[in-house]
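Input: a single structure, listed below in structure tokens.
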Amino acid sequence: MTKILILNGPNLNLLGRREPGVYGSRGFEDYLADLRNRYAGQVELTYFQSNHEGDLVDKLHEAGFGAVDGVVLNAGAYTHTSVALHDAIRAVEVPVVEVHISNVHQREPFRHHSLLSAACRGVICGFGLDSYRLGIEALTGNAED
Ligand code: CA2
């Protein structure tokens, strides 16, 4: 069974409770239950969220040397600031797909640049929570090269 870690960064614990116009009205744990049902028997999904940059780096290290087959990462605002996460993504041995719920390119200019994209296998943004499913599809080989 393919193992995938979904890693969420700062403030994503607030999904469904604030800013529904940008991020939708569903909490992540609720969506995760649907994803687990969808991939039952095929993909084992583990989930971790933190508001702390170092915790996200630690989790990438823990997962990224064979504990999982790939990582779907929404680093939240750290996407735009974190050299530490860039370095961690480069350091680990498993592919990391960067995802965003919103289309960051339609938003404020400071969201247009990602420090992580160059280190990631690919980037998916703007499809709401479905961005995570698309990230899983990419990692499980359902997306073509
Ligand atoms: O669109 C995305 O997924 C983002 O990664 C979300 C980040 C933002 O800083 C990125 O530029 C784009 C912010 C996540 C904050 O999530 C909230 C959820 C509910 C209420 C408030 C914030």
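Taken together, the values in this text are just the output of simple stated rules run on the coordinates, not laboratory data. The model shown is predicted, which means the values in this text are computed figures rather than measured ones. Note: ideal-geometry Cβ built from the backbone for every residue, glycine included; neighbour counts use all protein chains shown.
Diffusion coefficient of the stretch 46-123 by Stokes-Einstein, Kirkwood radius over Cα pairs, 10 °C, 1.306 mPa s: 126 µm²/s. For the stretch 1-81, chymotrypsin sites (Phe, Trp or Tyr not before Pro) meeting the loop criterion (DSSP other than H, G, I, E, B) and having at most 13 other Cβ atoms within 10 Å: 65.
In terms of Cα atoms, the Rg and Dmax of the chain work out to 14.0, 41 Å. The phi torsions of the stretch 58-71, fed into the Karplus equation with coefficients 6.51, -1.76 and 1.60 and a -60° offset, translate into couplings of 4, 5, 4, 5, 4, 8, x, 10, x, 5, 10, 8, x, 10 Hz, rounded to whole numbers, with Gly and Pro shown as x.
Counting only C-alpha contacts under 8 Å and six or more residues apart, can you give the relative contact order of the chain as a whole percent?
Relative CO of the chain lands at 25 percent.
Across the stretch 26-34, computed HN-Hα scalar couplings (Karplus, 6.51 cos²θ - 1.76 cosθ + 1.60, θ = phi - 60°) run 10, x, 5, 4, 5, 4, 4, 4, 5 Hz from first to last residue, x flagging Gly and Pro.
Each listed q (0.33 Å⁻¹) maps to a log10 I(q)/I(0) for the stretch 60-104 from the Debye sum over equal C-alpha point scatterers, namely -1.24.
Our estimate of slack between residue 84 and residue 121, defined as 0.36 nm per intervening residue step minus the Cα-Cα distance, is 11.6 nm. Our summary of shape: the Cα atoms of the stretch 1-70 have principal axis extents of 37, 31, 13 Å, ordered from largest down, in whole angstrom.
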